[in-house]
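Notes follow the structure.
Readers should treat all values here as calculations from the given coordinates under stated rules, not as data from a laboratory. Keep in mind it's a predicted model, so treat the numbers as computed, not measured. So basically every Cβ, Gly included, is an ideal-geometry build from the backbone, and we count neighbours across all protein chains shown.
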């Protein structure tokens, strides 16, 4: 009996030794070398793992930065130019400086201007609603209002306004990671340049229906009148599919388009109120004695 136990112990020990040897040889045979610089670059990155850089996480992005000869097209939106400069110093590679951007909601169809005509009783999800339901209003292009964009924001930069039923973006917290852009099935969220003092001029509508139908569904819908296009001195307004779009890279923020829009579908943000010019009255002629 004792001999049997000893034999079993020796046998198991031998098997364990052989298995350990095999594992050791396999690990050496298939060992993958990782450049220690990858860990150094990853340490510089913000560890947000948001995917805004186009990679599944900061580690994958760091690996691409280290292995790529040209990193001018690679950018971390969360860390911005400051982080990319640190990466440039570490790797000795040139990086392209980019102007900061911020997420913008291209819909202003609040409840008071875009009345509900039906009720969705399914799961409270924009993605599901877009697949099986046209929306609770007659506008087939606007915000669905269930907050998928808010749910995916890891930086607490968005919330749903209970009064308007629309998402609100906190520009100071927005890192331009693009998660909300990807999450919106109606594609009403866009990354636009964050100009000085966060000044923006954009069309808050994506309704491509003809004027009458669009206006009936939402009183602040773009009706494709092209008045904004006609008055723009820089040709920054593009008319397509009954809809105006303002190119942020061309727009000089003159706001002439805002003044002529008949439905007020063009939004201006963070501008000071315009000063009203008062014409001075000419001195009345003095009566002759």
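So how tilted is helix 58-67 from the main axis of the chain? Cα-based, degrees 0 to 90, rounded to 10.
Tilt of helix 58-67: around 80 degrees.
Pairing the Cα long axis of helix 80-91 with the longest principal axis of the chain, what angle in degrees results, from 0 to 90 and rounded to the nearest 10?
Once rounded, the angle reads 40 degrees.
Cα atoms only, region 47-91: Rg and Dmax in Å?
9.5, 24
Using the per-residue mean of other Cβ atoms lying within 10 Å as a proxy for protection, in what order, highest first, do the peptides 101-109, 52-60 fall?
My ranking of the peptides, most packed first, is 101-109, 52-60.
Would you work out the relative contact order for the chain, in percent, from Cα pairs under 8 angstrom that are 6 or more residues apart?
That works out to 14 percent.
Using every Cα-Cα pair within region 101-269, state what percent have a distance larger than 30 Å.
Of all Cα-Cα distances in region 101-269, 14 percent exceed 30 Å.
Sorted from fewest to most neighbouring beta carbons within 10 Å, what does the list 93, 200, 274 look like?
On the way: 93 16, 200 21, 274 9.
The order, fewest Cβ neighbours first, is 274, 93, 200.
May I ask you to sort 41, 250 by Cβ crowding, counting other Cβ atoms within 10 Å and putting the fewest first? Don't jump to the answer; show the numbers that get you there.
Details: 41 21, 250 12.
Lowest count first: 250, 41.
How large is Rg over Rh for region 76-159, taking Rg from the Cα atoms and Rh as the Kirkwood inverse mean of 1/r across Cα pairs?
Over the Cα atoms of region 76-159, Rg/Rh equals 1.20.
Of (i) 133; (ii) 271; (iii) 179, which is the value of volume of the Cα convex hull per residue in Å³ derived from the coordinates here?
Answer by label: (ii).
Got a sec? How would 155, 120 order by Cβ neighbour count within 10 Å, fewest to most?
155, 120
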